[in-house]
Amino acid sequence: MTARSSAGASTGTATPTCRRHCGNRAPSQCRTNDALTSQATGRIVEGDNLPVLQSLPAQSVQLVYTDPPFNTGNVRAYQRLRTTRDNEGDRVGFGGRRYRSQSTSEHSFGDAFEEYIEFLAPRLREIWRVLRQDGTLYLHLDAREVHYVKVLLDDIFGRDCFLNEIIWAYDFGGRPKRRWPAKHDNILVYVKDREQYVFNRDEIDRIPYLAPGLVGKEKAERGKLPTDVWWHTIVGTSARERTGYPTQKPVALAERIIRASSDADELVLDPFAGSGTVGAAAEELGRHYLLVDSNPEAVDVMRERLPGAEVVRP
């Protein structure tokens, strides 16, 4: 009997378990494994991503691209919520739909260095566990925490498994008067095994040469492979792909990553899924996807954006 089962028994109510995929885990967690065998292209799971990651089999995912909340120096509160549709509910989701929420647990942390790392560390360890030997992690960060998180990832993956730091550069938004404007994000790339990781060089979109006159005509027409500095504008307020989600990333960014580091029909995971951009790109490129987010409003956005996906809610 597991500790979870013992807790349920002590209150007189046995916690249901499922042995089909993951031993004695509760069925609501175990169902996430169906993304590995389901006929659906993708699955969206509402909930804390840590137990979802823990429920996945080891070495079952080829690519993880994710964009965790940035370390802004603010205090963040996290709640585990159970939501139900209710026209008088306290939460408003996509399209004005209302939900009534009930908090099942709550914790908060100041997302300064120590608390932020404590939040990320167990999730990154689980990501390492679920990655296949040919798997790759792309972790999207900004300048405030990239240095700290790289030290953590060096410890989890091993320094030899660090592949790249990609700079996503853009030129959009405000310009402060007393410092250089921050116009880039950082994407750390780690592989599970330096000898086996996937890198589909011929599938990557090419970009124009800055000085095409200095190369031959054939080369100029074909373009060149991107370097580790990528110029992509952010998603504009009137862009066709805009969902209204505040931290939405461009589909083209996710498509480049998915083309390069995964194969057709393989599984792509985003445990901080937000607006579902990774799922949209994966679906377009013929990959399966598993998206996780604890925010019911984000899940509503993803459900609208990815109508073919199966949605698992508490």
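The values are calculated or read from the model by the stated rules, or taken from the named source; none is laboratory data. Quantities reported herein were computed from a predicted structural model and do not represent experimental measurements. Note that each Cβ is placed from the backbone with ideal geometry, even for glycine, and that neighbours are counted across all protein chains shown.
A few notes on this one:
- Tally, over the range 143-158, of residues that are outside any helix (DSSP H, G or I) and of a type in the set (A, V, I, L, M): 1
- If you go through the range 159-181 and pick out every residue that is closer than 22 Å to D193 by Cβ and in contact with a Lys or Arg (Cβ under 9 Å, 6 or more places away or on another chain), you end up with 5.
- The residue that is nearest to D263 (Cα to Cα), counting only those in the range 132-171 that are among the charged types (D, E, K, R) and at pLDDT below 95, is D142.
- Comparison of A252, A182, A220 shows that the only residue that is surrounded by 12 or more Cβ atoms within 10 Å (Cβ to Cβ) and modelled with pLDDT of 85 or more is A252.
For (1) more than 20 Å from G308 (Cβ to Cβ); (2) at pLDDT 95 or above; (3) of a type outside the set (S, T, Y), each residue gets a yes or a no:
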site: S28; (1), (2), (3): yes, no, no
site: Q39; (1), (2), (3): no, no, yes
site: I44; (1), (2), (3): no, yes, yes
site: T66; (1), (2), (3): yes, yes, no
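- Considering the range 271-290, the residues that are hydrophobic (A, V, I, L, M, F, W, C) and closer than 15 Å to L50 by Cβ include one that is farthest from the chain's Cα centre (by Cα), namely L290.
- Among the residues making up the range 246-292, those that are touching a Ser or Thr at 6+ places or on another chain (Cβ under 9 Å) and part of a strand (DSSP E or B) are L267, V268, L269, D270, H288, Y289, L290, V292.
- Restricting the range 159-196 to residues that are assigned to a loop (DSSP other than H, G, I, E, B) and of a type in the set (K, R), the residue that is nearest to V146 (Cα to Cα): K183
- The range 285-299, residues that are surrounded by 23 or more Cβ atoms within 10 Å (Cβ to Cβ) and in contact with a Lys or Arg (Cβ under 8 Å, 6 or more places away or on another chain): Y289, L290, L291, V299
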